Amino acid sequence: MNFWQKLPKPIMVVAPMADVTDAAFRQMIAKESAHERKDGTIGGPDVMWTEFVAADGLMRATPEGKKKLMADLLYVETERPIVAQLFTSNPEHMESVAKLVRDLGFDGIDINMGCPDRSIEKQGCGSAMIKTPAVAKEIIRAAKRGGKGLPVSVKTRVGYSHDELEDWLPALLEEEPAVVTIHARTRKGMSKTPADWGRVKRAVEIRNALHAPTFIFGNGDVLSLQDGHQKAELSGADGVMVGRALFGNPWFFHPTKRLPVHLTALPTKGVNPDTLHVSATVDPGISYVTLEERLRVLVEHTYLFENLLPHKNFAVMKKHYKAYVNSFPGAAELRVELMEQNTATAVEAVITKWLVK
């Protein structure tokens, strides 16, 4: 049942991001990144992760609360392989929810041991698990018991307040998870410092020295599909997890489609990117996403969010507008107007009106 062994390397995957990679956005990525491979199969991201889900919440919630949490475990077949990410410091809860995940038909289970959110850490979860290796190991064992054959993976960091990869990673590898994804920063570093892919390379070396069967993935500051492949080659990682670069770019995993300019390439000082008119650089074999297409996808994404996740605050969707709507004349004004809307119908009306100007 370990699907990881069947995937071509480097394996390119969608990062779990709270209130970002929900079912609506994952389905947009699956659709817009879809392409036909040489062997006739449909390509896109190799694996998708759900947002992280509280195992404690699923075990303790009221029926109404559980219904909301279960919405975070929605998926469709086009998202496969699909991995459910869970967090808890309670082995019994992990075992029970891992069984639930298996029964729901997920392809794998991932354990969040890297989230820096204070409320998560207070529960002994997320990055706080780096401080308690014995508990972390028991949580992995519990996930394996509940999952009964599903591959169990871990997403973590190189350390908490300092880099402790040399001790932390071997402790995880003793449990032989299918994958360990290394976010190449400490918890203290958050995203304020550049990701150090040299530490991903070191993680691969540690894995190799221990002859562990675990795949090592790298995560942090991946700017494009090409950049991800280069980082994998330089570090020796088996795979690459892509996070923030997906904002406003469900085409990310398409090999011949891309935005005219990547958001991270825009100037950050002294220039307002919304006043720029960006022209696509000529690149043979590449088709560039038009502004009209970006806005069409924004509308489709909004309707999907509204239909699939009616319990979620519409403000969650609005953070995507900041990513879709930029780098063209009038973008700032259009963003302001979109932020005032609270239904998909209203958003569509604003976009339609703007496109016919």
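Read-outs throughout are calculated quantities, based only on the coordinates presented, and are distinct from any laboratory measurement. Not measured: the values here are computed from a predicted model. Reconstructed Cβ throughout: ideal geometry from the backbone, glycine too, with neighbour counts over all protein chains shown.
A few points about this structure:
- Sorted by Cβ neighbour density within 10 Å, fewest at the top, the residues K231, K38: K38, K231
- Note on E337 and K67: the extension gain reaches 93.9 nm, defined as 0.36 nm multiplied by sequence separation minus the Cα-Cα distance.
- Neighbour counts of other Cβ atoms within 10 Å put E348, E233 in the fewest-to-most order E233, E348.
- Alpha carbon centroid spacing (whole Å) that separates the stretch 96-122 from the stretch 14-70: 12 Å
- Difference of contour (0.36 nm per residue) and Cα-Cα distance, Q226 to Q123: 33.3 nm
- Arranged from fewest to most other beta-carbon atoms within 10 Å of their beta carbon, S161, S89, S127 become S161, S89, S127.
- In summary, the lysines within cross-link reach of K201, defined as a Cα separation below 19 angstrom excluding same-chain residues under 8 places away, comprise K9, K155, K231.
- Working from Cα pairs under 8 Å separated by at least six residues, relative contact order for the chain is 15 percent.
- Cα-projected label distance for R37 with M17, points at 7 Å along beta-carbon direction, nm: 2.5 nm
- Computed from the C-beta positions of N313 and H211, the FRET efficiency with R₀ = 56 Å rounds to 0.70.
- Rg over Rh, two decimals, the stretch 85-187 (C-alpha only, Kirkwood Rh): 0.95
- With eigenvalues of the C-alpha gyration tensor scaled by 5 and rooted, the chain, Å: 34, 24, 19
- Between amide H atoms placed 1.01 Å from N, distances below 5 Å from W49 occur with V14, V83, all of them 5 or more places distant or on a separate chain.
- Placing dummy labels 7 Å off each Cα toward the beta-carbon, the span from V350 to Q5 is 5.1 nm.
- Considering helices alone, the calculated mean residue ellipticity of the chain at 222 nm is -11500 deg cm²/dmol, with DSSP H runs of length four and up weighted by -39500 (n - 2.57) and normalised per residue.
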